[in-house]
Amino acid sequence: MNDAITPVSLEEGAVSLEPLVENCHKLLEIFHYSWEMMPLVLVILNYAGNDLEEASRKIDEGKPSNSTSVTMATAMVLTELSSA
């Protein structure tokens, strides 16, 4: 099963910043993540269209089980931030 999610572009009505940040705070609390995880959680939320349930599911699926997963997640965040 391929549950790949695609980013929401500005032309398609990207999520406004305030609700995105509010939901990011909720996910940080739910998963007991530190503030350093905020950029990654924001990217995941944006790709999930600010849907808390979908973002939570993607976070659960992507919890790193080894250092390769962490490296890939970091690369994704850096790529997203550099294109912003």
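What to note about this one:
- Amide H to amide H, with H built 1.01 Å from N, Gly62 comes under 5 Å of no residue 5 or more places away or on another chain.
- Here the contact order of region 14-83, divided by its residue count and restricted to Cα pairs under 8 Å and six or more residues apart, works out to 29 percent.
- The simple Förster model, with R0 at 22 Å and r as the Cβ-Cβ distance, assigns Lys26 and Glu61 a FRET efficiency of 0.75.
- Inter-label distance for Thr74 and Glu53, nm, one decimal - labels placed 7 Å from Cα along Cα-to-Cβ: 3.5
- The string of couplings for region 34-43 from the Karplus curve (6.51, -1.76, 1.60, θ = phi - 60°) is 7, 4, 5, 7, 4, x, 5, 5, 4, 5 Hz, one whole number per residue in order, with x for Gly and Pro.
- Percent breakdown of C-alpha pair distances by 10 Å bin, ordered from the shortest bin, for region 14-83: 20, 58, 21, 1
Laboratory data are not the source of any read-out in this text; all were calculated from the coordinates shown. Keep in mind the model is a prediction, meaning the values are calculated, not measured. Positions of Cβ are generated from backbone atoms using ideal geometry, with glycine treated the same way; all protein chains shown enter the neighbour counts.
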